[in-house]
Amino acid sequence: MLVIRGGRVIDPGRLDGVHDIWIESGRIVRIGNMDEHAEPGDENADVIDASGRIVVPGLIDMHVHLREPGYEYKETIATGCAAAARGGFTAVCPMPNTNPVNDSAQVCRFIIDQARSCGAGVKVYPVGAISVGLAGRELAEYGELKSAGAVAFSDDGNPVTNGQLMRRALEYAKGMGLPVISHCEDLLLAGKGVMNEGTFASRLGLAGIPNAAESVMVCRDVALCELTGGRLHIAHVSARESVEIIRHAKQRGIKVTAETAPHFFTLTEEAVGMYDTSAKVNPPLRSAADRDAVREGLADGTIDVIASDHAPHSTVDKDVEFDAAANGISGLETSLGLSLALVKENVLSMADLIEKMSVAPARIIGKENGIFEGAVADMTIIDPDSSWIVRADSFCSLGKNTPFDGWELNGRAVMTIVDGGVVFDASKSGL
Amino acid sequence: MGLSTRDVLDIASLSGEDISLILETARRMKEIFRRPVKKVPTLRGKTVVSFFHEPSTRTRVSFDLAAKRLSADLVSLSASTSSMVKGETLVDTVRNIEQMVPDVIVIRHSSAGVPHMLARHVSVPVINAGDGMHAHPSQALLDMMTVLEKKGRIDGLRLAIIGDIARSRVARSDIEGFLKMGASVVLAAPPTMIPAGVESFGVDVTYDADKAVSGADVIMMLRIQKERAASFLFPSVREYALRYGLNAERLKLAKKDVAIMHPGPINRGVEIAPDVADGKHSIILDQVENGVAVRMALFYLVMGGQWNAGD
């Protein structure tokens, strides 16, 4: 038996107060308040003192790249899951752009088996491909993928350029009750762009990617969502126009959800500095107006989810010409720390933040996640105040590519609990 | 007094004093050209490695000649003669070059920012010989030198730059350099060729070439890349030549003593009419000559040289 004592338990809409939680056989068996002087009820119980800490339903990062199979030099399922545990995540959803692509039950099962056997303890809910080989030509077998454990479909990284395919994907996935996650990018508008279009790109002589490369596709997909009645989830929203389109769509009752990543509400295109490839990401870091619009979108509920778009790369991919450098930020281990700043800056309440990092992603991928008697004991314990320095070279992730190296962040996960077992404990990790 | 920076990566990182020092040094270097023996022993025993990762004739020859006239030892590499064709990364190639202990590395690359990246990895001065759409500082310096020579000043002059500004490293460096030295700048191009965020550049912008030409003291015509029509930047070479090309008719709008520049190589009959390119206002060939002098000055200054009259 495990007892988590004296923490502020926040399960948005359900609980917010100081409670003790008893866990047995992987499930929450009791929530209450023990007498301070009384024994926990079982002398064999492990007692975790969570006073001054926040206890929340396990954080879920619904947009990560674990790179395995195929790109194990960038990340493996084991290292990615270890990074997730350290970042406070009890579950992650890896995108299908592996090699081979996760467009079949076999690959989907392989990913889940690797995650189970790697010992990191984090749950992995794979995202299957929208199209076979991410090639945009034929639908992947959604039924098979769902049976194997896929929780959504996406061609992330390869936008679906064919509107008819996107329509059918939304329709067909509706039959499975699963969402389609859209990487919104008009490849022709993005052209050879490598950073946000604007003054900074012009000064650096880098080809720019306009906001419209994203927003025209958000517009199309919202229209297709309305047409089909399917479930659309917009990945990594970066542009203010996209926020506005999604807000309007929600007002009209269209079933669209959206996510953004910590780098979009934290950084602007200025982070590219003098060709710093750790700030090269797709979609690109945008202007201050876009960053502010993303924060507004989070605050007013337009953006449902914070997901890191964890995109680990090796120096082979990043320590090259800016034009040639791979897109992406290794985000699992900084996501919570960066997101907690939104609470400090009064953009979100703590409950709202937990909603966007835990409850909402669980709802979108159709998994139960909460703190109540009988629930699966997936929980994250957060120290909201401890100050720490980001050290990329000590990441669990093989991807050390982060523009936040050396940043001082406030707040972090101190314990990650999956199925009642501790998979990360900061006090035992020398942190 | 020397340069305030170790490297010459772009005009933005040079101060006005740096630019003046380079131009003055280049003026003195040019005197060497008129001697019977066009070579001085100043950089004897120094090694220059020039690495051209992108095709170039004029700039490459100019840097090579500059090194030779100062008696430096010169190693010239291009992407096709280096191990990069065998898959070696740029950083590895350059780290290997550095083990050969050069005193300066000259780099031309098709990707913006590569000279900056190299400068972070090596311990010797790096001179940018043109990087992607970003910067071409030695070109801007030779342009300023040529204008200074012809007009006696840069301060207060009006420079018109006509062409694909958005994709031109020459335009970027000229804008930064001429503004820094007190000139005003007007850009003329169709809107498809004006960079995003141009309003922060401190220049005037017009879509009408006639407006840019009238009132200009100096006109810089940029080379138009004909294949860019396929990117929908302009409908045809014919229409471009008519609306933005510098021909005798359009030149009538200019000041009587206007000077015409071009970074070369020129497309005769496209951005510039043959009679204008060869006409009395053209200082295009002066630019080429001054290019060698400017690059000699850069070698000399980045290798710690201080010019004094007795040298």
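Structure above, values below:
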{"read-out": "Most mobile of A:Pro361, A:Pro159, A:Pro100 in a GNM of chain A (Cα contacts under 10 Å)", "value": "A:Pro100"}
{"read-out": "Theoretical FRET efficiency, 1/(1+(r/R0)^6), r = Cβ-Cβ of B:Lys38 and A:Asn162, R0 41 Å, to 0.05", "value": "0.05"}
{"read-out": "Expected-Rg normalisation [2.2 N^0.38 Å, Cα atoms] applied to chain B", "value": "0.99"}
{"read-out": "Segment A:Glu270-A:Arg14, length gained on full extension (0.36 nm per residue, minus Cα span)", "value": "88.1 nm"}
{"read-out": "Rounded to 5, percent antiparallel among DSSP beta bridges of the protein assembly as shown", "value": "35 percent"}
{"read-out": "By average C-beta atoms within 10 angstrom, highest first, the peptides A:196-209, A:2-15", "value": "A:196-209, A:2-15"}
{"read-out": "Area projected by the alpha carbon convex hull of region A:1-122, averaged over all directions, nm²", "value": "9.3 nm²"}
{"read-out": "Neighbouring partner chain Cβ atoms per residue of B:90-102, average, 10 Å criterion", "value": "1"}
{"read-out": "DSSP bridge orientation in chain A - percent antiparallel, rounded to nearest 5", "value": "55 percent"}
{"read-out": "Most fluctuating residue given options B:Gly130, B:Gly113, B:Gly177, as computed from a GNM of chain B linking Cα atoms under 10 Å", "value": "B:Gly113"}
{"read-out": "Residue-normalised accessible area of chain A, expressed per residue, 1.4 Å probe, Å²", "value": "36 Å²"}
{"read-out": "Calculated from backbone phi, Karplus (6.51, -1.76, 1.60) coupling profile of region A:370-378 in Hz, x at Gly/Pro", "value": "x, 10, 7, 5, x, 6, 4, 7, 9"}
{"read-out": "Residues in region A:165-192 reached by a label modelled at A:Val132 [backbone nitrogen below 16 Å; 7 Å Cα→Cβ]", "value": "A:165, A:169"}
{"read-out": "At R0 = 60 Å, FRET efficiency that the Cβ-Cβ distance of A:Arg30 and B:Ser200 yields, to 0.05", "value": "0.45"}
{"read-out": "Listed residues A:Cys225, A:Cys81, A:Cys118, most fluctuating in chain A (Gaussian network, C-alpha, under 10 Å)", "value": "A:Cys118"}
{"read-out": "Shielding of B:105-112 by partner chains, average beta-carbon count, 10 Å", "value": "3"}
{"read-out": "Over region A:58-365: Rg over Rh, Cα atoms, Kirkwood Rh", "value": "0.93"}
{"read-out": "Phi-based couplings in Hz for region A:244-258 (Karplus 6.51, -1.76, 1.60; Gly and Pro marked x)", "value": "5, 5, 5, 4, 5, 4, 5, 4, 8, x, 6, 7, 10, 10, 8"}
{"read-out": "Inter-centroid distance (Cα atoms) of region A:168-186 relative to region B:256-291, Å", "value": "58 Å"}
{"read-out": "Surface accessible to a 1.4 Å probe, B:His53 within the full protein complex, Å²", "value": "50 Å²"}
{"read-out": "Geometric extent, Cα atoms of region A:73-178 - Rg, Dmax (angstrom)", "value": "13.9, 42"}
{"read-out": "Per principal axis, descending, Cα span of region B:1-159 in whole Å", "value": "50, 37, 30"}
{"read-out": "Residue-averaged beta-carbon neighbours from other chains (10 angstrom radius) around B:122-134", "value": "2"}
{"read-out": "B:Leu285-B:Val61 pseudo-label distance in nm [points 7 Å out on the Cα-to-Cβ vector]", "value": "1.3 nm"}
{"read-out": "B:Asn96/A:Glu72 FRET efficiency (R0 25 Å; Cβ-Cβ; nearest 0.05)", "value": "0.30"}
{"read-out": "Calculated SAXS-style log₁₀ I(q)/I(0) at q = 0.06, 0.07, 0.09 Å⁻¹ - the protein assembly as shown, Debye, Cα scatterers", "value": "-0.45, -0.59, -0.87"}
{"read-out": "Per-selection Rg to Rh, region B:137-288 - Cα, Kirkwood hydrodynamic radius", "value": "0.92"}
{"read-out": "Values of log10 I(q)/I(0), in the order q = 0.10, 0.18, 0.23 Å⁻¹, for region A:285-403 under a Debye, Cα-only, solvent-free model", "value": "-0.39, -1.14, -1.37"}
{"read-out": "Span from the region A:52-94 Cα centroid across to the region A:334-374 one, whole angstrom", "value": "15 Å"}
{"read-out": "Neighbour net charge for A:Lys318 - beta-carbon separation under 15 angstrom, K R +1, D E -1", "value": "-4"}
{"read-out": "Region B:130-205-region B:1-60 distance, computed between alpha-carbon centres (Å)", "value": "20 Å"}
{"read-out": "Residues of region A:338-382 with amide N under 18 Å of the 7 Å Cα→Cβ point at A:Asp292", "value": "A:342, A:345-348"}
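The values are calculated or read from the model by the stated rules, or taken from the named source; none is laboratory data. Just so it is clear, the structure is predicted and the values come from calculations on it, not from any experiment. Counting neighbours? That spans all protein chains shown, and the Cβs are built from the backbone with ideal geometry, glycine included. Just the protein is used for accessible areas: all its heavy atoms, side chains included, with ligands, DNA and RNA removed. Shrake-Rupley method; radii C 1.70, N 1.55, O 1.52, S 1.80 Å.
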